[in-house]
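What follows is calculated from the coordinates using simple rules that are stated; it is not laboratory data. Because the structure is a prediction, the values reported are computed rather than measured. Glycine gets a Cβ as well: all are built from the backbone with ideal geometry, and neighbour counts include every protein chain shown.
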Amino acid sequence: MSLMDLYGATALVIDGNPTSRSILVAQLRDMGARMVAQSPRIADARRQLEFRTFDVVLCEQHFPHDTGTGQALLDDLRRAGLLPFATIFIMVTAEATYSKVAEAAESALDSYLLKPFTANQLAQRIGQARHRKTVLKDIFEAIERSDHETAAALCLRRFEQRGDYWLYAARVGAELLLRLARYDEAQRLYEAVVEAKALPWAKLGVARAQLDAGQPQKASQTLHNLIGAEPDYADAYDVMGRAQIELGNFDAALAAYKMATDLTPASISRLQRHGMLAHYCGQTQLAEELLARSVRLGLDSKMFDAQSLVLLGFMRFEAGDRKGLQRYWDDALRMVERHPKSLRLRRLAEVLEIALLLHDAQVARVLDKVRAMMATITDEDFDFEAACNLTTLLAYLAQRAIQIDEVEERLTVLGRRFCTSKALTALLAQAANAHPPYAERLSALHNEVLGMVEHAMRQSLAGNPRAAVLELIEQGRSTCNAKIIESAWGVLKRYESRIDDAAALAETIQPLRERFQSYANKPVIGDKAARQAGGVSLRVMDVKTVEG
């Protein structure tokens, strides 16, 4: 690549050292870049990258006077799907050891440069990155038109033929397979990469595929081995946290999230995930410390999750701090102003408004709003997060002896829908900890759901799988419970050859699966639209949901 191959391009240089920054700016201008922006701090760079698109980003790894690193910035950006495929991101570092650059070099990063380097070396790295994007253009064009099956097939073909950038194609392909719910194929692809190169991201991919396929115990063992070999691999701790939550081991999940947070103390997304789980585990002081830090770091960031404001608001409500509660409601309203079409943000702001009204003893208005919220429990877009927040509000009302005649019936409807696993039930019950009888009722509803499934399964074991499927469909339709719906699907698929009208039954179940996302029924802490740890940010796929 010649020094003029960036003619007309835009670039951003992120470096805390003014001398180093000026050298990089001069080199990019010599290559023909028409505009080169500069940022001496990670927080400033994050804001620029969230609201502007650059052709090239050069980022220093170490910031001695900053709490974050270049890797932490990259990690947060790719989590939120904020790095367009066309942007070339190159890390500049003095660290040559694998442990310092591996996670960056194998993720959304295009390359890294070890100091000192020449302008020609920089030009060569940019040229290589541009070449990779050209070679893989057909894959990302397929992703852009939402043809994910074709994109996955192109990735698999490049991997099998060991074409240029076959490892990168394998990673994108495996990510696509996971999102297409083809978990076994994704796991085989990751395992093939491990066999060929034994790369940490591929080992992590095996664990992610196991987790998504409903094998948290296997995933936990895979992650234990990976962390033993790569103790500084932050994404591995994120996925370990997920696995431990699914296993119901919340203390172990907290420990895993703590390791990820300790490794990347300026990561907004990790601070929030750690803080949210701490809240649901009853560790209020830790939760408030972590979530408040995420507010200070990135309230105006696209990576910030408004559920953090809700939980902080609940903590201020319990402390009797009206001023603090008002502040978090105001912050939520500002987020709604920026994203007026977001139903989720409006719902979160309303939760804070109800808490404020309750603090002010405006009981009539509280009852009106809570009744309206209870009426939406079976709506398609009323999710587990909304269930937890409503449960907390109901517990606050009961704690203050404020009666709602229909609350027992609505809590039962809520529990029958969302008590789908031991882990989710425990989280939901913890949301009701202000009024223990509600927590006990929710725990009992999980047993009721298990009883429904077991009753239907007995018909299957007795040789009548069709009757089991019909019973599960009916119970799934009446409860909206993802476990019951997915159990109906599982029995149908297992005994398909013995059920004459299997195709018609599948047409009945599939809309329920789509409506209640039963195939993706996982314990999720925070915004479920965010990129999963260890995954590639396929920005065209991700950005549609990140803003929601």
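Only helical DSSP H runs with n ≥ 4 go in: add -39500 (n - 2.57) per run for the chain, normalise by residue count and round the 222 nm mean residue ellipticity to 500 deg cm²/dmol.
-21000 deg cm²/dmol
Compute the Rg/Rh shape ratio of the stretch 1-51: radius of gyration over Kirkwood radius, all on alpha-carbon atoms. Present the calculation step by step, with values, prior to reporting the outcome.
On the way: Rg = 11.3 Å, Rh = 11.2 Å.
My calculation of the ratio gives 1.01.
Tell me which of Thr19, Asn225, Leu461 sits at the most positive position along the dipole axis of the chain, charges placed on C-beta atoms (Lys, Arg +1; Asp, Glu -1).
Thr19
How big is the C-alpha Rg of the chain next to the rule-of-thumb value 2.2 N^0.38 Å, as a ratio?
Working: Rg = 24.9 Å, N = 548, 2.2 N^0.38 = 24.2 Å.
That works out to 1.03 for the chain.
Using the C-alpha atoms of the stretch 398-515, what convex hull volume per residue, in cubic angstrom, is computed?
For the stretch 398-515, the hull spanned by Cα atoms encloses 100 Å³ per residue.
How big is the equivalent ellipsoid of the stretch 10-135 along its three axes, where each semi-axis is √(5λ) from the Cα gyration tensor, reported in whole Å from largest to smallest?
Equivalent-ellipsoid dimensions as semi-axes: 18, 17, 16 Å.
Among the trypsin sites (Lys or Arg not before Pro) in the stretch 278-373, which ones are in a DSSP loop with at most 16 other Cβ atoms within 10 Å of the Cβ? Mind listing them?
Loop-located and lightly packed - Lys341.
Above 16 Å lies some portion of the pair distances; for the stretch 286-328, what is it as a whole percent of all C-alpha pairs?
In whole percent, the share of Cα-Cα pairs in the stretch 286-328 beyond 16 Å is 30.
May I ask you to list, by number, the DSSP H helices of the chain whose Cα span along the axis is at least 27 Å and whose average Kyte-Doolittle hydropathy reaches 0.5 or more?
The qualifying helices: there are none.
Can you pull out the chymotrypsin sites (Phe, Trp or Tyr not before Pro) in the stretch 121-169 that DSSP calls coil and that have at most 14 other Cβ atoms within 10 Å?
Qualifying residues, ordered by number: none.
So which of Lys422/Lys483; Lys137/Lys341; Lys302/Lys341 end up more than 22 Å apart by C-alpha?
Lys137/Lys341, as the Cα separations exceed 22 Å there.
Just to confirm the filter: which trypsin sites (Lys or Arg not before Pro) across the stretch 4-67 are DSSP coil and have at most 13 other Cβ within 10 angstrom of their Cβ?
On the way: sites: Arg21, Arg29, Arg34, Arg41, Arg46, Arg47, Arg52; in loops: Arg34, Arg41, Arg52.
For trypsin sites (Lys or Arg not before Pro) across the stretch 4-67 that sit outside H, G, I, E and B with at most 13 neighbouring Cβ atoms in 10 Å, the list reads Arg34, Arg52.
For a quick protection proxy, order the peptides 264-274, 493-503, 468-478 by their average other-Cβ count within 10 Å, most packed first.
Descending packing order for the listed peptides: 264-274, 468-478, 493-503.
Give me the Debye-computed log₁₀ of I(q)/I(0) at q = 0.14, 0.15, 0.23 Å⁻¹ for the stretch 106-204, equal point scatterers on Cα only, no solvent, two decimals.
Here log10 of I(q) over I(0) equals -0.57, -0.64, -1.20.
Peptides 195-201, 65-71: what's the order by average Cβ count within 10 Å, highest mean first?
For the peptides 195-201, 65-71, the packing ranking is 65-71, 195-201.
Among 115-124, 401-410, how do they line up from the highest to the lowest mean number of other beta-carbon atoms within 10 Å?
The densest-packed peptide leads the list: 115-124, 401-410.
If you find the alpha carbon centre of the stretch 123-156 and of the stretch 45-69, how far apart are they in angstrom?
24 Å
Could you work out how far the C-alpha centroid of the stretch 340-392 sits from that of the stretch 189-253, in angstrom?
Result: 36 Å between the Cα centres.
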